[in-house]
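A quick write-up on the structure given underneath.
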Amino acid sequence: MSTLTDLIARAKAKDPSLGRDLEKEVGALMKRRTFGLVFEQHQPEAVELPGRAVRRGDKVRVLPPRGEVKAGDQRLWRVERIERAEGRRVAHLLELDAEEPETQAVVAEDLVVVAEFNDRIYPGLVETGRVERGGDKPFHTVINAENYHALEMLTYTHRGKVDAIYIDPPYNTGAKDWKYNNNYVEGDDDYRHSKWLAFMERRLEVARELLNPEDSVLIVTIDEKEYLRLGLLLEQTFPEARIQMVSVVIKAEGTSRANEFSRTNEFYYFVRLGASQLHPITVTGGDIEIPWRTLRRTDYESRRGTTKGGSAQFYPIYVNCSTQEIEQVGEALDHRTERSTAPEVEGCVAVFPIRPDGTEMNWSLTRESLLTRMKDGFVRVGRHEPDKPQTYVISYLKSGAVADIKEGKAAVLGNNPDGSVRAVYRGGGTRNPTTHWSEVAHDAQRGGTGVLRATLGPRRRFPFPKSLYAVEDSLRLFLKEKKDSIVLDFFSGSGTTAHAVMRLNRQDGGQRQCISVTNNEVSAAEQKTLRKQGLRPGDPEWEALGICDHVTKPRVTAAITGTTPEGEPIKGDYKFTDEFPMSDGFEENAAFFTLTYEDPLSVRHDRAFARIAPMLWLRAGSVGRVIEELGDEGWDVAEAYGVLRDLDKMPDFLGRVAEVETVGTAFVVTDSDAAFQMACRDLPSRVTPVRLYESYLNNFAINRRS
């Protein structure tokens, strides 16, 4: 390094600015890992803030003209001053990071504020609605925000308080499913893996500060595109944690992909901190019928005439029209033989494996294997469907079920009139869950898309929502005995995690609360359409179609009220652990917020209280009303907390805090150490004092991340 140090010194002598920049970059390289997971940090990550008023000193970009679909000027500018001209605000800009910076004057409405992730932020919240059916229970919260900045905000309200984090981050498939620095990351991006890792690392590092180090769990879902890199990242971010990966079947029939294995599953990482306890699952006391499967193969690649389909599994099964039992099984037909040439059997109908659309498939067994299973009672005729090409459903027991019967794991109770066995698994007891989950409840179509469609209707769509019941089952493993736990999802998307927490509460009378964070992004396809219409982010018509306003908030509201966004009762029932009509809703409360960006001077001088107020409410437990203003009295006390601004009214404030036994936090606005200490001395022991605005400003004053 001595040679490099000498070269830097010589560079400093000739060009001090260049020398300092070189020294900074070399220092960063020296700190970089030389083993483990090594990747580019891609600094700085930045986010645009449409709707945020432009102020002097802001970093901004110039927006493309309305109606333009191409990306605009990506250069960053500093707002030097703002003046009014002909009734409009005009910003005078200076180009950043340029050797010969340009200047220009632009109408403020044609600018968007940009926040880089190495900038200090001073967040606030604005409430945008609420729904109340839960009495005095804590509120679930939905926060419309860039999730990194929302996590930063939560370090003030929930540091070390979170019991469980469940996240379903972008899978980085290359299908424009996430953005880095305001640009979609596509499959041909050579740096998409390192961008994804940098994106995830920053958020996981802040999330770590929110988890209770004594007893908490982080659950992260992923597929095969990034599961290896994610595993290493989790080990490096949480070196003291116990980490396991579980395979979860989300589509048993598989998703066919050209020249690849059909994907049936995805992966859940469970990152357990401290004394985190895994609760056994209950095996129900009643007998469970052994599963019968349709004999017709389901995957399209196994249709008749394909190599995968084989040549011995297309044959007629003759079902007696009177008894609806199998009379006999015909010989296999080769691919070139029309099925109409199969011999007829008097009084029977020839059943072939045919999809409703007419596609000829294959049976799952050869003729010989089917005859063997029939002799043992492992084949039966199901429902009659005379209007379909395959007029009877034929069912059979798969090899695993047959083995369970022969090994005594399943009990045979007898035979049905058609000779098929009646077999059950004997229930009762508990066991630890395995690392492979294959549950009907976890099917993404039924438990995810189906539930979302029932709740919101067909017009409000969200791609690939998680099964409600899979999320519920994952959380139950760790929150079964924590009935007042705090759950966070900072990739909340369609709001499945909040929905699952509500179901857990209904099952055991719990008061768990969920904090859901999502942005209000519009899909790539919708963005193009909206831009052609002359719209921009921040316009009401644009924002109305964003994830948060169009899906997340309506889903949480609908789940609680039991009615769709159109006001109709939700049709259908919840299934599995707790079955009841979806129209019943839940006895829960929820409040909705949008993150704001405050001027620290306004905060210090008590001019931003209305936007800091919801954060105080969150920190105090999200119970009861929000103290939105203090009025002439200079103090107020709600159900869970109080705020004192006018120190001359301290006796009145302290008296009211003593009366309201549910108050646990008191915020005192003062720059005086002596006054704050006096308030601390006289508060009841159950109340935690917090000094404003010192605690808030100190929390965000030091940018801890680079």
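If I go through region 636-688 residue by residue, how many of them are out of contact with any helix residue (DSSP H, G or I) (no Cβ under 6 Å at 6 or more places or on another chain), in a helix (DSSP H, G or I) and open to solvent by 10 Å² or more (accessible area, probe 1.4 Å)?
16
May I ask you to list the residues in region 452-488 that are over 20 Å from Glu439 (Cβ atoms), open to solvent by less than 30 Å² (accessible area, probe 1.4 Å) and out of contact with any strand residue (DSSP E or B) (no Cβ under 8 Å at 6 or more places or on another chain)?
Of everything in region 452-488, those that are over 20 Å from Glu439 (Cβ atoms), open to solvent by less than 30 Å² (accessible area, probe 1.4 Å) and out of contact with any strand residue (DSSP E or B) (no Cβ under 8 Å at 6 or more places or on another chain) turn out to be Thr455, Leu456, Gly457.
Which residue out of Gly419, Gly408, Gly427 is without any contact (Cβ under 8 Å) to a residue 24 or more places away in the chain and surrounded by fewer than 18 Cβ atoms within 10 Å (Cβ to Cβ)? Show your work before the answer.
Values: Gly419 fails: without any contact (Cβ under 8 Å) to a residue 24 or more places away in the chain; Gly427 fails: without any contact (Cβ under 8 Å) to a residue 24 or more places away in the chain.
Exactly one of Gly419, Gly408, Gly427 is without any contact (Cβ under 8 Å) to a residue 24 or more places away in the chain and surrounded by fewer than 18 Cβ atoms within 10 Å (Cβ to Cβ), namely Gly408.
So how many residues does region 536-562 have that are open to solvent by less than 50 Å² (accessible area, probe 1.4 Å), outside any loop (DSSP other than H, G, I, E, B) and in contact with a helix residue (DSSP H, G or I) (Cβ under 8 Å, 6 or more places away or on another chain)?
9
Residue under question is Val451, and the condition is that it be of a type outside the set (Ser, Thr, Tyr) and either under 21 Å from Ser523 (Cα atoms) or under 18 Å from the mean Cα position of the chain (by Cα) (or both); does it hold?
Considered against the rule, which asks whether it is of a type outside the set (Ser, Thr, Tyr) and either under 21 Å from Ser523 (Cα atoms) or under 18 Å from the mean Cα position of the chain (by Cα) (or both), Val451 comes out as yes.
Checking Ser622 against (1) surrounded by 20 or more Cβ atoms within 10 Å (Cβ to Cβ); (2) over 27 Å from Ile121 (Cβ atoms); (3) in contact with a Pro (Cβ under 6 Å, 6 or more places away or on another chain), only one condition comes out false. Which one?
Going through the list (1) surrounded by 20 or more Cβ atoms within 10 Å (Cβ to Cβ); (2) over 27 Å from Ile121 (Cβ atoms); (3) in contact with a Pro (Cβ under 6 Å, 6 or more places away or on another chain), Ser622 breaks only (2).
List pairs: first in region 671-682 and acidic (Asp, Glu), second assigned to a helix (DSSP H, G or I), Cβ under 8 Å, 6+ apart or cross-chain?
Close Cβ pairs (under 8 Å, with a partner that is assigned to a helix (DSSP H, G or I)) amount to Asp671/Glu694; Asp682/Met650; Asp682/Leu654.
Output the residues belonging to region 72-91 that are farther than 25 Å from Ser17 by Cβ and either in contact (Cβ under 8 Å) with a residue 12 or more places away in the chain or surrounded by 10 or more Cβ atoms within 10 Å (Cβ to Cβ) (or both). Walk me through how you get there before you give the answer.
So the first thing to find is which residues in region 72-91 are farther than 25 Å from Ser17 by Cβ, and the list is 72-73, 81-91.
Within region 72-91, Gly72, Asp73, Arg81, Ile82, Glu83, Arg88, Arg89, Val90, Ala91 qualify.
Return the total of residues in region 591-639 being within 16 Å of Val660 (Cβ to Cβ) and among the aromatic types (Phe, Trp, Tyr).
2
Quick one: how many residues across region 8-52 are open to solvent by 80 Å² or more (accessible area, probe 1.4 Å), at pLDDT 80 or above and either of a type outside the set (Lys, Arg) or closer than 30 Å to Glu226 by Cα (or both)?
4
Are there strands (runs of 3 or more DSSP E) fully within region 340-433 with at least 3 residues that are in contact with a helix residue (DSSP H, G or I) (Cβ under 8 Å, 6 or more places away or on another chain)? List them.
421-425
Residues are listed down the side, and each one gets a yes or a no for (1) surrounded by fewer than 14 Cβ atoms within 10 Å (Cβ to Cβ); (2) out of contact with any Lys or Arg (no Cβ under 6 Å at 6 or more places or on another chain); (3) at pLDDT 85 or above:
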{"site": "Thr237", "(1), (2), (3)": "no, yes, yes"}
{"site": "Ala252", "(1), (2), (3)": "no, yes, yes"}
{"site": "Asn259", "(1), (2), (3)": "yes, yes, yes"}
{"site": "Glu266", "(1), (2), (3)": "no, yes, yes"}
{"site": "Ala275", "(1), (2), (3)": "yes, yes, yes"}
{"site": "Gly286", "(1), (2), (3)": "yes, yes, no"}
{"site": "Trp292", "(1), (2), (3)": "no, yes, yes"}
{"site": "Arg303", "(1), (2), (3)": "no, yes, yes"}
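Please list, ordered by residue number, the strands (runs of 3 or more DSSP E) wholly in region 64-174 having 2 or more residues that are charged (D, E, K, R).
77-85, 88-95, 123-132
How many residues are within 11 Å of Val107 (Cα to Cα), touching an Asp or Glu at 6+ places or on another chain (Cβ under 8 Å) and not charged (D, E, K, R) when one looks only at region 77-90?
Summing the residues that are within 11 Å of Val107 (Cα to Cα), touching an Asp or Glu at 6+ places or on another chain (Cβ under 8 Å) and not charged (D, E, K, R) in region 77-90 gives 1.
Filter region 294-309 for residues that are more than 17 Å from Glu385 (Cβ to Cβ) and out of contact with any helix residue (DSSP H, G or I) (no Cβ under 8 Å at 6 or more places or on another chain) and give the result.
Scanning region 294-309 gives Arg297, Asp299, Tyr300, Glu301, Ser302, Arg303, Arg304, Gly305, Thr306, Thr307.
Go through region 370-397 and count every residue that is within 30 Å of Ala411 (Cβ to Cβ) and crowded, with 16+ Cβ neighbours inside 10 Å.
Looking only at that region, the number is 14.
Which one of the conditions (1) touching a Leu at 6+ places or on another chain (Cβ under 6 Å); (2) open to solvent by 20 Å² or more (accessible area, probe 1.4 Å); (3) of a type in the set (Val, Ile, Thr) does Val271 fail to meet, given that it meets all the rest?
Just one mismatch for Val271, condition (2).
Does region 606-613 include one or more residues that are open to solvent by 10 Å² or more (accessible area, probe 1.4 Å), of a type outside the set (D, E, K, R), under 14 Å from Glu694 (Cα atoms) and assigned to a helix (DSSP H, G or I)? Lay out the reasoning, then the answer.
Step one: list which residues in region 606-613 are open to solvent by 10 Å² or more (accessible area, probe 1.4 Å), which gives 606-607, 609-611.
Subset that is of a type outside the set (D, E, K, R): 609-610.
Applying the additional criterion that residues be under 14 Å from Glu694 (Cα atoms) yields 609.
Filter once more, so that each one left must be assigned to a helix (DSSP H, G or I): 609.
Looking through region 606-613, at least one residue is open to solvent by 10 Å² or more (accessible area, probe 1.4 Å), of a type outside the set (D, E, K, R), under 14 Å from Glu694 (Cα atoms) and assigned to a helix (DSSP H, G or I).
The values are calculated or read from the model by the stated rules, or taken from the named source; none is laboratory data. Small disclaimer: the values here were computed from a predicted structure and weren't measured. Glycine also receives a Cβ, built like all others from the backbone with ideal geometry; neighbour counts cover every protein chain displayed. Just the protein is used for accessible areas: all its heavy atoms, side chains included, with ligands, DNA and RNA removed. Shrake-Rupley method; radii C 1.70, N 1.55, O 1.52, S 1.80 Å.
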